[in-house]
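Data first, discussion second: the structure below is written as structure tokens.
The values are calculated or read from the model by the stated rules, or taken from the named source; none is laboratory data. All values derive from a computational prediction rather than experimental measurement. Note that we place each Cβ from the backbone using ideal geometry, even for glycine, and neighbour counts take in every protein chain shown.
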């Protein structure tokens, strides 16, 4: 009743003339400018990265820089990005592989199995993981997770290998706890929420008829989820996985704190490695030499381009796979 | 409803924008009373930026100096790293820079050709680096010498009971435990001093790895920051790393003694660090004195420098004579009275030799040809 009253009041009251002429136009302009500024921002970022990194690109060539495996700011002043690109690629892919199934399982439990209140609790905790600042995750990793992994997992594996297959030791690497495996597991933990959130949304949007049809055919609950729900939601699930992958590529602080930061090949499974974001955050502040700084900027540009490619691929896959065609389900 | 929403929204947007633009232009003076306005007029802001290691000291000095000058001079120091400090100094957006690596000959020459005067590197404080370790059953005080440290960091000594270490520590019961090497992964002045020490004592290190804020480490795990190295060392039995002395003391870490070039075993301390720099310094103080010839000096230490132009009027960040004068006055204060703050904040005091060199440089600082450095020193009865 009250609502209706206000509405008629407004309609009756003549609006100020300036508002009638300009109201919509101002709003449109503001929104439009804000929207366009994002595009402008992305391009100017890429431009700054390019112009700052040009010195390194000219010195080593695009291919030479991407292929180079020596990073020596001390004597030779030679910079190559390959160890970092490789490190980023391995940690992100493996982290996604580790996180993918648990993330979907969590989403299925929340959406299908758990009573609503338990589902809410689980969901909130998943969001909580996403909200923890990565430097806090990193500190926890340094002081709790890495030492624990060393004592309970790495050392037994290392001793076993040393006793039985000593030739594999170089592949396994130093089991001290700060290295590629630790960083990858932490990374997997950090990206779970993104896959879970998008998967859960996608599942909740599966039409009721879809499930009912499966029920009607005599499917069990597991079969309903496997044959009706998950295939229908696959666009959203993949979008979530790709978002997680993007996060994993760009994750900086926690990785820099745990990966052990070794800038040269060969990397080993348990031993230290480095990623593109980790070397940037490590060396940027105190990079005194121009070529050193420029090389870090060039790595930033490479990271930018790689992220862009991942996003484009993600968009393409999502569109191809989603049932509704063209839209993220 | 819809119209109502759009109307309110655009109104908020427009008023917001007006307020913002107005705020940017006038906010500063408008909300001050007349009294503070007068004070503001004579207030001088000194803008500096650079190395993060001396930041706690500079900030404390700034607070103290503000009291000393009764709020007249406010020193604003931004800790953005040595690289940033040098760059901003060259681009003349700050009045003074701070760095843990002195200006290269190339930059010095550039500045000389551009401003017609030199850039001075004036030592303000000292940094010291200690070898921290985690050897179960052994407290602080394992003795190292240059060869042993280099060998450990080149992976030639890989176990704590290596004869080379045992020979230096006959009274210590060193376990058979593999050594895990930890280094800083972030670029830092600590790494600069540590690697410059290695370059001084080992030709092989100098040729292969060299020194700098980051280097291409032959072995080891990189920890991010003092805390990253400390965390890795404290959590890994058999680890060795390096931290600033203050950090090691505050976190109760075990650290080693080092045999210096005169053959004396030196326990790291602020006094031993000061002693290390109390040597015959070159006129421009651009020197690394790791592996110091000083008999009682701790060999792994270095200066942090303040960067100032000889001809202050050439620095675009300095607008008038008053600012120039206040800058020089603060500089003099920070190497004299300001040094009193050092020990309680975990910094070593400047030695006499460095203070003397600083006076010589300050004497040459000019504003439009006027020797304001000399005048101010005379005023303080320092000749």
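All but one of (1) assigned to a loop (DSSP other than H, G, I, E, B); (2) over 22 Å from the mean Cα position of the chain (by Cα) hold for residue B:233; state the number of the condition that does not hold.
Every condition holds for residue B:233 apart from (1).
Kindly indicate whether residue B:97 is assigned to a loop (DSSP other than H, G, I, E, B), over 30 Å from residue B:266 (Cα atoms) and in contact with a helix residue (DSSP H, G or I) (Cβ under 7 Å, 6 or more places away or on another chain). First the steps, then the outcome.
Values: assigned to a loop (DSSP other than H, G, I, E, B): no; over 30 Å from residue B:266 (Cα atoms): yes; in contact with a helix residue (DSSP H, G or I) (Cβ under 7 Å, 6 or more places away or on another chain): yes.
In short, no.
What number goes with the only condition from (1) within 21 Å of the chain's Cα centre (by Cα); (2) outside any helix (DSSP H, G or I) that residue B:272 does not pass?
Residue B:272 satisfies all of (1) within 21 Å of the chain's Cα centre (by Cα); (2) outside any helix (DSSP H, G or I) except (2).
Could you tell me how many of the residues in segment A:158-178 are on the phi > 0 side of the Ramachandran plot and at pLDDT 85 or above? Let's see the steps before the verdict.
First, the residues of segment A:158-178 that are on the phi > 0 side of the Ramachandran plot: A:173, A:177.
Still in the running and at pLDDT 85 or above: none.
Of the residues in segment A:158-178, 0 are on the phi > 0 side of the Ramachandran plot and at pLDDT 85 or above.
Pick out, from segment B:114-227, the strands (runs of 3 or more DSSP E) lying fully within it that include 3 or more residues that are within 11 Å of another protein chain (Cβ to nearest Cβ) and touching a strand residue (DSSP E or B) at 6+ places or on another chain (Cβ under 8 Å).
On the way: elements: B:119-134, B:180-184, B:221-223.
Correct list: B:180-184, B:221-223.
Which one of these does residue B:235 not meet: (1) facing another protein chain (nearest Cβ under 9 Å); (2) farther than 23 Å from residue A:148 by Cβ?
For residue B:235, the failing item is (2).
Among the residues of segment B:249-269, count how many are out of contact with any strand residue (DSSP E or B) (no Cβ under 7 Å at 6 or more places or on another chain) and part of a loop (DSSP other than H, G, I, E, B). Walk me through it before giving the result.
Within segment B:249-269, the first condition is being out of contact with any strand residue (DSSP E or B) (no Cβ under 7 Å at 6 or more places or on another chain), and the residues that meet it are B:249-252, B:261-264, B:269.
Of the ones still in play, those that are also part of a loop (DSSP other than H, G, I, E, B) are B:251-252, B:261-264, B:269.
Counting residues in segment B:249-269 that are out of contact with any strand residue (DSSP E or B) (no Cβ under 7 Å at 6 or more places or on another chain) and part of a loop (DSSP other than H, G, I, E, B) gives 7.
For residues that are buried (at least 24 other Cβ atoms within 10 Å of the Cβ) and not in a strand (DSSP E or B), tally how many sit in segment B:295-309.
4
Being within 14 Å of another protein chain (Cβ to nearest Cβ) and part of a loop (DSSP other than H, G, I, E, B) is the filter; apply it to segment A:150-183 and report the residue that is nearest to residue B:224 (Cα to Cα).
A:178
What do you reckon, is residue A:314 touching a helix residue (DSSP H, G or I) at 6+ places or on another chain (Cβ under 9 Å), modelled with pLDDT of 90 or more, surrounded by fewer than 22 Cβ atoms within 10 Å (Cβ to Cβ) and part of a helix (DSSP H, G or I)?
In short, no.
Can you find a residue that is modelled with pLDDT of 90 or more, surrounded by 24 or more Cβ atoms within 10 Å (Cβ to Cβ), in a loop (DSSP other than H, G, I, E, B) and within 12 Å of chain B (Cβ to nearest Cβ) anywhere in segment A:275-291?
Within segment A:275-291, one or more residues are modelled with pLDDT of 90 or more, surrounded by 24 or more Cβ atoms within 10 Å (Cβ to Cβ), in a loop (DSSP other than H, G, I, E, B) and within 12 Å of chain B (Cβ to nearest Cβ).
Being surrounded by fewer than 20 Cβ atoms within 10 Å (Cβ to Cβ) and under 22 Å from the mean Cα position of the chain (by Cα) is the filter here; which residues of segment B:168-215 pass it?
Within segment B:168-215, just B:210 meets the criteria.
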